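Inspection log for the structure reproduced underneath, given as structure tokens.
Readers should treat all values here as calculations from the given coordinates under stated rules, not as data from a laboratory. Because the structure is predicted, anything quoted here is derived from the model rather than measured. Here Cβ is always computed from backbone atoms with ideal geometry, including for glycine, and neighbour counts include all displayed protein chains.
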Ligand code: IFM
């Protein structure tokens with residue numbers, strides 16, 4: 001996809017929060033430093049064949065040591081906020097029990113450096129790096145992990161709460177449930193299919209308990225980052241629309257309904273462990289805002305046992321038992337990852353959220369949006385961001401209350417099972433030297449943010 005220079009972006013509200021997102025496991029490296037414990041991803045990446053390019057994240061982008069340079073890049077970019085994640089195994093090496101002060105020191109330094117540069121720190125407490133010790137006792141399949149998560153959240157808030165105002169509890173619990181526990185493509189590599197559902201419930205419970213812990217420490221600005229995207233049916237047939245409805249439930253309602261409406265979609269609660277009704281009260285405490293990570297829509301049809309999933313769905317091998325099958329979306333440009341580029345689906349998604357949740361929907365933030373392309377003259381990424389920001393503006397004009405937008409990601413980084421082969425950064429990383437080089441998209445966004453600031 002290449003594009004002609006586009007006219008300036010439409011004007012966003014003056015107090016709109018512009019930011020970029022990263023996560024600890026994808027950037028920090030330094031996995032054995034300053035008392036950090038092992039994470040589920042450390043163990044997963046050490047297993048042969050798990051990561052496509054055979055890499056691991058022991059060094060990643062070395063953000064742990066180069067955070068000052070990264071903060072400089074953020075300041076020069078002109079964003080108001082930096083969304084990063086705190087690594088649970090760095091703060092509580094065994095997942096429960098003793099807190100590692102040296103691990104918290106890193107986030108202390110990072111937060112201070114951000115504030116000194118006039119950038120708001122927005123930490124996510126959990127972005128998939130479950131402490132390995134907890135994984136060994138069942139990980140998110142067991143209730144205790146939710147309780148340990150709340151204790152960890154309390155420890156982080158105790159240290160950073162005097163300077164951090166805005167918190168995110170979890171990132172994309174749907175992906176961890178589906179890819180980590182259901183299909184085995186991500187850590188911890190379990191292939192439980194629908195028996196993975198307890199992991200969804202316990203993450204939600206962990207979220208609710210963490211919200212309580214943060215509020216007890218005085219936090220007043222708390223959200224969650226869930227991945228969502230419109231689900232399109234492959235045809236109008238009953239079989240295809242039924243399959244699409246089911247997939248929509250998994251991606252768009254399994255997490256949002258309990259959080260926003262205090263109930264699970266029909267038929268789910270019966271399959272979950274624990275005092276679900278009581279848990280739902282904890283899970284559905286009102287949020288200050290709700291984060292949406294949007295990348296692409298999904299086209300779904302009735303099961304087709306012999307068809308491999310298309311690139312739209314990561315090209316992964318899907319078990320024949322699934323009651324749906326992803327199809328390739330035709331007629332749109334694609335990123336180098338093979339994902340279709342469909343900006344208007346973001347407008348569609350935000351319209352659908354307003355319609356589905358009505359007055360129960362708190363203000364929204366787009367907590368991730370971005371794309372993977374090679375090269376530093378990344379005009380395709382510019383076109384992607386430009387198109388999605390216009391689509392977002394359309395949704396806001398139609399009434400969506402969206403307060404901020406975060407690009408995924410500041411730098412290229414470790415893209416999970418894909419290793420380093422996928423480049424989502426506004427800043428290029430040379431993995432041999434770890435040199436950072438801003439791409440054309442970085443300069444474009446910098447200009448766009450300056451225009452916005454001029455008012
Ligand atoms: O890199 C990931 C991130 O960790 C979670 N959201 C999607 C991104 C791109 O795949």
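Each of 433, 411 has some number of other Cβ atoms within 10 Å of its Cβ, and from fewest to most they run 433, 411. Relative contact order for the range 219-354: 30 percent, from Cα pairs under 8 Å spaced at least 6 residues apart, divided by residue count. Any chance you could tell me what percent of the C-alpha pair distances in the range 332-455 go past 21 Å? Roughly 44 percent, once rounded to a whole number. For the chain, the square roots of the Cα gyration tensor eigenvalues, ordered a ≥ b ≥ c, give a/c below 1.5, which places it in the rounded category. Per-residue packing, averaged as other Cβ atoms within 10 Å, sorts the ranges 165-174, 254-263 into the order 165-174, 254-263, beginning with the highest. Each principal axis of the range 64-122 carries a Cα extent, and these read 39, 18, 14 Å when sorted largest first. Return the percentage of antiparallel bridges among DSSP beta bridges fully within the chain, rounded to the nearest 5 %. So the antiparallel bridges in the chain amount to around 20 percent. Across the range 1-112, Cα-Cα pairs farther apart than 18 Å form 60% of the total. Of the beta bridges in the range 205-360, as assigned by DSSP with both residues counted there, near 40 percent are antiparallel. Per-residue extension of 0.36 nm, minus the Cα-Cα distance of residue 147 and residue 360, leaves a gain of 74.0 nm for this segment. Taking 0.36 nm per residue of separation and subtracting the current Cα-Cα distance, fully stretching the chain between residue 112 and residue 344 would add 79.7 nm.
Residue exposure proxy: 28, 175, ordered by other Cβ atoms within 10 angstrom of their Cβ from fewest to most, comes out as 175, 28. Taken over the range 74-180, the ratio of Cα radius of gyration to 2.2 N^0.38 Å equals 1.11. Panel order for 122, 427, 111, by other beta carbons found within 10 Å of each beta carbon, from fewest to most: 111, 427, 122.
Sequence-distant contacts, meaning Cα pairs under 8 Å at least 6 residues apart, place the relative contact order of the chain at 18 percent.
Compute the Cα gyration tensor for the range 180-298, then decide on rounded, prolate or oblate, letting a ≥ b ≥ c be the square roots of its eigenvalues: rounded whenever a/c is under 1.5, prolate when a/b is larger than b/c in the other cases, and oblate in all that remain. Because a/c hits 1.5 or more and a/b exceeds b/c, the range 180-298 counts as prolate.
Working note: 222 nm ellipticity from helices only, DSSP H runs with n ≥ 4, each -39,500 (n - 2.57), summed and divided by the residues of the chain, gives -11000 deg cm²/dmol to the nearest 500.
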